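In what follows, a structure is listed as structure tokens, so that the remarks can point back to it.
The values are calculated or read from the model by the stated rules, or taken from the named source; none is laboratory data. A quick note: this is a predicted structure, and the numbers were derived from the prediction, not measured. Heads up, the Cβs are rebuilt from the backbone with ideal geometry, glycines too, and the neighbour counts pull from every protein chain shown. For the accessible areas, the whole protein counts, side chains as well, though only heavy atoms, and no ligand, DNA or RNA atoms are used. Shrake-Rupley method; radii C 1.70, N 1.55, O 1.52, S 1.80 Å.
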Amino acid sequence: MDFGFSPRASELQDRMRSFMEQHVFPAEAVHDRQLAEAADPHALPPVMAELKEKARAEGLWNLFMAHGAWGAGLSNLEYAPLAELAGRSLIGPEVFNCSAPDTGNMELLALYGTSEQQERWLRPLLEAEIRSCFAMTEPEVASSDARNIRTRITREGDSYVVNGRKWYTSGILDPDCELIILMGRTDPDAPTYRQQSMLLIPRDTPGITVLRDLPMFGYRDRLGHGDVLFENVRVPVANILRGEGEGFALAQGRLGPGRMHYAMRAVGFAERALRLMCERATERVAFGGPLADRGVVREWIARSRIEIEQLRLLVLKSAWLMDTVGNAAARMEVAAIKVAALEVAHRVVDRAVQTHGAAGVSDDTVLARLYAITRALRIADGPDEVHLRTVARQELARYEKAGRMAGTKAATKTGTKAGAA
């Protein structure tokens with residue numbers, strides 16, 4: 001068993017680690033200040049544009065993309081530690097053009113888009129000339145079960161017409177957002193998993209209304225989480241992605257790698273929180289000595305390190321399985337890692353908040369924001385309970401199969417004895 005990385009992967013890690021220390025971490029405060037002072041709270045801060053150009057020049061660009069000639073050609077296993085490094089900063093993934101929802105949308109277009117769709121949408125997304133959003137979740141139904149989706153996509157001649165309401169449509173308020181990938185129902189009478197389709201909708205299409213920008217635990221994201229109404233939104237039939245009835249399969253294909261990306265970045269969240277916890281513990285004095293001398297704080301630090309290392313190994317194993325046996329065969333591990341990653345990250349962040357006291361719940365550190373994000377991501381891309389259900393079903397299936405085989409053998413033996421008698 002080899003725990004080492006390829007020379008190329010190791011070299012990219014060194015370069016990204018250096019880039020984060022030299023450019024990204026020092027720019028965080030500037031980014032937040034520019035955002036707070038901007039007339040449009042969703043506009044790209046100038047410092048982010050500068051960071052993107054530097055990252056592109058360094059070749060640290062689109063590293064997530066593993067499909068065909070479009071990306072960097074990295075495996076999931078090679079990308080995992082890079083996503084972790086980027087995830088140590090809240091602005092990190094965007095710097096390298098590796099942030100949601102664009103990553104999942106680009107993968108969809110790379111895998112299933114026509115050459116025309118790829119030229120119109122994928123190429124400018126890869127160049128960061130535009131942004132995109134993904135409209136799936138709805139306020140009126142439990143969207144963790146995609147079969148519940150009510151938004152209708154109706155064929156009228158050479159057009160599709162969309163009517164419905166979506167929310168937490170992340171990215172739609174970015175002024176650079178030019179593409180909406182929407183999941184809706186094209187045929188309510190089709191078999192259950194063939195009723196849904198995905199449609200490519202230009203952001204400026206008439207009939208799209210953003211009702212409000214939704215916060216998460218009081219925080220408003222630069223990209224915006226839109227509550228969006230679609231009223232008679234008309235697009236050409238050529239804007240269907242892959243074909244009618246393919247929506248459910250496409251959603252599963254999109255969300256699987258997306259969950260892995262969340263898990264990879266969550267390791268980075270946890271590492272950032274642990275670093276802040278250790279710095280605080282060694283610098284802050286209480287009751288005659290540094291916090292680091294207190295047994296309870298030492299236990300928090302020790303447990304955090306142990307849990308992060310366990311999590312990282314599970315992430316790497318899951319990434320390796322996706323590379324070697326495919327996303328479908330790695331389904332249980334991907335579900336498990338989505339649960340474990342955010343649970344561990346949230347727990348480590350919580351300890352760091354406690355170590356910081358009042359400063360931990362203020363905006364003077366990144367911890368309060370990390371606390372909100374790690375909690376919210378236990379719902380995004382499917383709540384923990386859905387993934388636990390997947391893990392349990394696959395685990396139980398082994399025993400159910402063994403029980404059926406044992407029952408068959410027993411019945412065969414009984415039949416043989418009866419025949420002999």
Per residue, accessible area of region 171-228 with a 1.4 Å probe, heavy atoms of protein chains only, in Å², comes to 41 Å²
Rounded Å value of the spacing that divides the Cα centres of region 158-189 and region 1-21: 38 Å
So, taking all protein chains as they sit and a 1.4 Å probe, how much accessible area belongs to E107, in Å² rounded to tens? 20 Å²
Please work out how many pairs of lysine residues in the chain are eight or more positions apart (or on different chains) and have Cα atoms closer than 24 angstrom. 5
Which percent of the accessible area of the chain is formed by carbon and sulfur heavy atoms (probe 1.4 angstrom)? 53 percent
If you average the C-alpha positions of region 72-150 and of region 333-393 separately, how far apart do those two centres end up, in angstrom? 21 Å
Magnitude of the Cβ-charge dipole (Lys and Arg +1, Asp and Glu -1) of region 15-73 about the Cα centre, nearest 20 debye, reported as 280 debye
As a test of reading the structure, rank Y371, Y79, Y112 by solvent-accessible area (1.4 Å probe, protein chains only), most first. Y371, Y112, Y79
Tail beyond 28 Å, pair distance distribution of region 216-372 (Cα, percent): 41 percent
Using only the heavy atoms of the protein chains and a 1.4 Å probe, how would R220, R8 rank by accessible area, largest first? R220, R8
Evaluate Rg over Rh across region 141-288, taking Cα atoms for both radii and Kirkwood's formula for Rh. 1.14
